[in-house]
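The values are calculated or read from the model by the stated rules, or taken from the named source; none is laboratory data. Just so you know, these numbers come straight off a predicted model, no measurement behind them. Note: accessible area is taken over every heavy atom of the protein model, side chains too, but ligands, DNA and RNA are not part of it. Shrake-Rupley method; radii C 1.70, N 1.55, O 1.52, S 1.80 Å.
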Amino acid sequence: MIGALCTFDGRNMIIRTDETFDIDTPSGRMRLHVFRPMAEGRFPGIVLFSEIYQVTAPIRRLAAMVAGQGYVVAVPEVYHEYEPAGTVLAYDKVGTDRGNTLKYAKPLAAYDDDACAAVSWLMEECAACSGRVGTLGVCLGGHLAFRAAFDPRVRAAACFYATDIHSASLGEGKHDDTLARLPELRGEVMMVWGRQDPHVPFAGRQLIRERMEQAGTRYEWHEFNAQHAFLRDEGPRYDAALFLQCMDMAGALFHRNLT
């Protein structure tokens, strides 16, 4: 398990999961949900980017698991410009439609500004953070974790079934520059995909990997027989065994880059 790869004492398994901080961004105040060990000390930081539904119960459990291994985890509300602080979208058609609408309404620059603000908060204002920062994300968040790694302060990014990279369609206008900016990546990136994921087909995955090779990206690549959102521990697509395997891989990535 991921915990075997980290250096911390048993007290770190007791975590705080109830903290929120509202921080400034160029597009307004953004709420961070922070999960961290109760133990004294300083720990590496992780910005965890959610799905289109914001900070749902499965995202909170994912954040708590990572924090319990000795990390300070900050989860931003990605649609803070459009929804009141604390809003969680439901895993239903109404929530999905709203989340997808906002995904393409929000300007690309605002996503990047949010990521920069979250990283800066961990590094400069969070007393519990060591200053070594990585990112992690699922679905929309996988793409955001990837883009956040263009920031040279981000040492590693774990990106799970990241949507819209292959189609260059994130944000307002559906015309992002993620693949064009690949040469900016300095940290190590882990890309994880489900082969049965209709949102990122084989040709799309191949395109991403080819561009990463061309750019000389430092990365690892994993594909599994799984559907989209296989890490989400609600609903029929959840794969518990694969969840544990992926958390172990993410733990190894963060351990070698952040500790």
For the stretch 140-241, evaluate the Debye formula with one uniform point scatterer on each Cα (no solvent term) and list log10 I(q)/I(0) at q = 0.14, 0.23 Å⁻¹, rounded to two decimals.
-0.51, -1.29
For the chain, build the convex hull from the C-alpha positions and give me its volume per residue in Å³.
109
For all pairs of alpha-carbon atoms in the stretch 67-189, what percent lies in each bin of width 5 Å, listed from the first bin to the last filled one?
2, 11, 20, 25, 20, 13, 8, 2, 0
Cross-link reach list, aspartates and glutamates versus Lys174, counting only Cα pairs under 20 Å and skipping chain neighbours closer than eight places:
Glu51, Glu81, Asp97, Asp112, Asp113, Asp114, Asp164
Carbon plus sulfur, as percent of the 1.4 Å-probe accessible area of the chain, comes to 52
Rolling a 1.4 angstrom probe over the protein heavy atoms, how many square angstrom per residue are accessible across the chain?
41
